[in-house]
Amino acid sequence: MKNTRRTLLGGAGPDAPDELSDSSRRLWKAIVASKQARSPERLEALHEALRLRDRLAEIRAALVGAPLTVTSERSGLTRANPLLRLESETARDFARRWRELGLNEREGIDSRDDRRDRGWNERQ
């Protein structure tokens, strides 16, 4: 992860990793500025949690308008959309990482910034 070796005493701390979404980068900046994540270990954990947060948002965006079930062409059996399972697993992994950091779970999962960045309707 870039910038984790920067001096962690004073200053704003390391910059957010470039791969994160804009909303996750803002969240990174707020958490680091509040000194809730300053050690290299906590910064790595924060990076992983925010990466999972972004992945969860991508999965949820893919599920918008998608059918809840899919039918196999080969067997003709109907089953749950595989994205539903992936969403559940990713949400669980994110929540676990977030709790390990001792951060507010709802802020990380469902922030207004995230919905605005992804073009979601405020009523969703």
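The values are calculated or read from the model by the stated rules, or taken from the named source; none is laboratory data. Model, not experiment: these values are computed from the prediction. Virtual Cβ from ideal backbone geometry, glycine too; neighbours counted across all protein chains shown. All accessible areas refer to the heavy atoms of the entire protein, side chains included, with ligands and DNA or RNA removed. Shrake-Rupley method; radii C 1.70, N 1.55, O 1.52, S 1.80 Å.
Working only within region 27-65, note down all residues that are over 18 Å from GLY13 (Cα atoms) and among the charged types (D, E, K, R).
Across region 27-65, the qualifying residues are ARG51, ARG53, ASP54, ARG55, GLU58, ARG60.
With the condition kept exactly as written, say whether any residue in region 42-49 is touching a residue at least 60 places away in the same chain (Cβ under 8 Å) and open to solvent by less than 30 Å² (accessible area, probe 1.4 Å). First the steps, then the outcome.
The initial filter retains those residues of region 42-49 that are touching a residue at least 60 places away in the same chain (Cβ under 8 Å), namely none.
Within region 42-49, not a single residue is touching a residue at least 60 places away in the same chain (Cβ under 8 Å) and open to solvent by less than 30 Å² (accessible area, probe 1.4 Å).
In region 61-81, what count of residues is obtained for those that are open to solvent by less than 70 Å² (accessible area, probe 1.4 Å) and either charged (D, E, K, R) or closer than 30 Å to LEU27 by Cα (or both)?
Selection size over region 61-81: 4.
Only residues that are of a type outside the set (S, T, N, Q) and open to solvent by less than 40 Å² (accessible area, probe 1.4 Å): list them for region 83-92, please.
In the first step, residues of region 83-92 are kept if they are of a type outside the set (S, T, N, Q); the result is 83-87, 89, 91-92.
Scanning region 83-92 gives a single hit, ALA91.
Let's see how each residue does on (1) within 23 Å of GLU44 (Cα to Cα); (2) basic (Lys, Arg); (3) in contact with a Leu (Cβ under 8 Å, 6 or more places away or on another chain); (4) outside any helix (DSSP H, G or I):
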| site | (1), (2), (3), (4) |
| --- | --- |
| GLY65 | no, no, no, yes |
| GLY76 | no, no, no, yes |
| ARG85 | no, yes, no, no |
| GLU89 | yes, no, no, no |
| ARG92 | yes, yes, no, no |
| ALA95 | yes, no, no, no |
| TRP98 | yes, no, no, no |
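Could you list, in sequence order, the residues of region 10-56 that are small (Gly, Ala, Ser) and touching an Asp or Glu at 6+ places or on another chain (Cβ under 6 Å)?
Start the filter on region 10-56 by keeping residues that are small (Gly, Ala, Ser), which leaves 10-13, 16, 21, 23-24, 30, 33-34, 37, 39, 45, 49.
Matches in region 10-56: SER21, SER23, SER24.
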